[in-house]
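Colleague: Below are the structure tokens for one structure; questions will follow.
The values are calculated or read from the model by the stated rules, or taken from the named source; none is laboratory data. Quantities reported herein were computed from a predicted structural model and do not represent experimental measurements. Note: ideal-geometry Cβ built from the backbone for every residue, glycine included; neighbour counts use all protein chains shown.
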Ligand SMILES: *Cc1c(COP(=O)(O)O)cnc(C)c1O
């Protein structure tokens, strides 16, 4: 299986192996890597996985995409990534609440769903460096809206031949998220605040990846750039696994029969998680509709409803900060799958132009709307949903998951649909304890006080990885502007700039 760029790659003839796509992260022409074709489940494939463990299912599904890795390698990596030590309660859990199947993806080391991909991806990258005969070390740059940064730091810490630098928006992440990052241990890590929002940081990182002078300079110091953001295909494959696995669990629980269609609802930011679900469908998973749930930064739901993607709009800081995104990178992959590389390249050019917007053609919009529904939640909707689920069902959800739950319930109400819905539950409520408390009527309790209060109010236990960080030493206090990010990267790579 080879990988090509979403932007007109056929004409530049750049086609690379899966290991190479994971190593490079971003394609040379600014596009994102995609497999040349989506692998299909063979007859009997899904039923053969019913009795298998999560890691075995993972190895089988990963091997369909990562064809230059052996199944043994993939099984070994998945087993290490989703071990009892990393995921004491198992890789995923499903909670059946209010008629929805909440797929809890946050039982890993940083309490957010990003762990599902980022515990595995460093292992895939380590192998990719060897498989591609790379003699340089990888320097990973991450722009984070909060959760990716910590999950990537934790996944990559002290991995041989890899360094990682994380940029987070100053003031744009929660106190707990910030404390998780600035106390990160490891000899190969760097954490830097950026004066700007997530999009500023992400845009600057993408620019650095394509900057020929910088690439040369770090090359001389023995490094290549790589990415851990969901623009890297290595982030997406592990995410396909849990949708397939959740479906199989529903079959095993007798809630559906093999072959029955379900819906999938995903609280969405960069469009990575929902795209993974879509890819599972394209492989043959029986899915009817995808409910794309946005917060007040509703650029995606507007797009799904109108065909116009317009990033020129107010940026809102919300209580679901990991979804505070105006440029959803992975939407490019959906456009590529639906409309092809030439149209995609043109739309991405329009998006970068002064207009900051693109409009897809009627046929493309119709095809998107056949499979996607876009619904957004205001801040009040989100809080009311946290409150309602806790008061009515005794189930505490975080603000991101609440955006999904709101959209899901609204969709079912509008359609009278009885089809089971898998709702991606993307973070532990403790990661956003202050907002959860606020929604439950306990105002103005911040930071670590909120962790203790939430435990008291809901009679639940603070997850160990969050309980520990309060008293940890702060290691990183650096901050820079987006335009200073390149020099920050150079100095982390040990290069002193002369001028
Ligand atoms: C990253 C994140 C999201 C958004 O996921 P995307 O793949 O970027 O769409 C939603 N919720 C939480 C808690 C996250 O960390």
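Colleague: Using beta carbons and a limit of 6 Å, which pairs, at least six apart or on different chains, have the first residue in the stretch 248-271 and more than 16 Å from residue 412 (Cβ to Cβ) and the second one surrounded by fewer than 22 Cβ atoms within 10 Å (Cβ to Cβ) and at pLDDT below 95?
Modeller: 270/329
Colleague: Every residue in the stretch 397-433 that is crowded, with 24+ Cβ neighbours inside 10 Å, away from the ligand (no atom under 13 Å from the Cβ) and farther than 22 Å from residue 248 by Cβ, please.
Modeller: 406, 433, listed by residue number.
Colleague: From the list 278, 242, which one is in a helix (DSSP H, G or I), closer than 18 Å to residue 6 by Cβ and in contact with a strand residue (DSSP E or B) (Cβ under 9 Å, 6 or more places away or on another chain)? Step through it out loud before you land on a result.
Modeller: Details: 242 fails: closer than 18 Å to residue 6 by Cβ.
The match here is 278.
Colleague: Report yes if some residue within the stretch 440-453 is within 16 Å of the ligand (Cβ to nearest atom) and outside any loop (DSSP other than H, G, I, E, B); otherwise report no. Quick ask: steps written out before the conclusion?
Modeller: At the first step, the residues of the stretch 440-453 found to be within 16 Å of the ligand (Cβ to nearest atom) are none.
Scanning the stretch 440-453 turns up no residue that is within 16 Å of the ligand (Cβ to nearest atom) and outside any loop (DSSP other than H, G, I, E, B).
Colleague: So, one more: With respect to residue 418, is the statement that it is closer than 30 Å to residue 242 by Cα, assigned to a helix (DSSP H, G or I) and out of contact with any strand residue (DSSP E or B) (no Cβ under 9 Å at 6 or more places or on another chain) true?
Modeller: On the way: closer than 30 Å to residue 242 by Cα: yes; assigned to a helix (DSSP H, G or I): no; out of contact with any strand residue (DSSP E or B) (no Cβ under 9 Å at 6 or more places or on another chain): yes.
No.
Colleague: Kindly check whether there is at least one residue in the stretch 36-48 that is outside any loop (DSSP other than H, G, I, E, B), modelled with pLDDT of 95 or more and either closer than 26 Å to residue 328 by Cβ or in contact with a helix residue (DSSP H, G or I) (Cβ under 6 Å, 6 or more places away or on another chain) (or both). Give the derivation first.
Modeller: At the first step, the residues of the stretch 36-48 found to be outside any loop (DSSP other than H, G, I, E, B) are 45-48.
Cutting the leftovers down to modelled with pLDDT of 95 or more gives us 45-48.
Imposing the further condition that a residue be either closer than 26 Å to residue 328 by Cβ or in contact with a helix residue (DSSP H, G or I) (Cβ under 6 Å, 6 or more places away or on another chain) (or both) reduces the set to none.
No, the conditions are met nowhere in the stretch 36-48.
Colleague: From the list 330, 297, which one is within 12 Å of the ligand (Cβ to nearest atom), at pLDDT 95 or above, surrounded by 15 or more Cβ atoms within 10 Å (Cβ to Cβ) and closer than 25 Å to residue 438 by Cβ? First the steps, then the outcome.
Modeller: Values: 330 fails: closer than 25 Å to residue 438 by Cβ.
Of the residues listed, the single one that is within 12 Å of the ligand (Cβ to nearest atom), at pLDDT 95 or above, surrounded by 15 or more Cβ atoms within 10 Å (Cβ to Cβ) and closer than 25 Å to residue 438 by Cβ is 297.
Colleague: Something else about it: Somewhere in the stretch 95-103, is a residue farther than 29 Å from residue 24 by Cβ, modelled with pLDDT of 95 or more and either out of contact with any strand residue (DSSP E or B) (no Cβ under 7 Å at 6 or more places or on another chain) or in a helix (DSSP H, G or I) (or both)?
Modeller: For the stretch 95-103, residues farther than 29 Å from residue 24 by Cβ, modelled with pLDDT of 95 or more and either out of contact with any strand residue (DSSP E or B) (no Cβ under 7 Å at 6 or more places or on another chain) or in a helix (DSSP H, G or I) (or both): present.
For every residue, the table says whether it meets (1) more than 16 Å from the ligand (Cβ to nearest atom); (2) under 25 Å from residue 22 (Cβ atoms); (3) outside any helix (DSSP H, G or I).
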residue	(1), (2), (3)
106	no, yes, yes
110	no, yes, yes
124	yes, yes, no
138	yes, yes, yes
142	no, yes, yes
145	no, yes, yes
155	no, yes, no
166	no, yes, yes
173	no, no, yes
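Colleague: Being within 15 Å of the ligand (Cβ to nearest atom) and at pLDDT below 95, is that true of even one residue in the stretch 236-252?
Modeller: Start the filter on the stretch 236-252 by keeping residues that are within 15 Å of the ligand (Cβ to nearest atom), which leaves 236-243.
So of that shortlist, the ones also at pLDDT below 95 come out as none.
No; the residues of the stretch 236-252 include none that is within 15 Å of the ligand (Cβ to nearest atom) and at pLDDT below 95.
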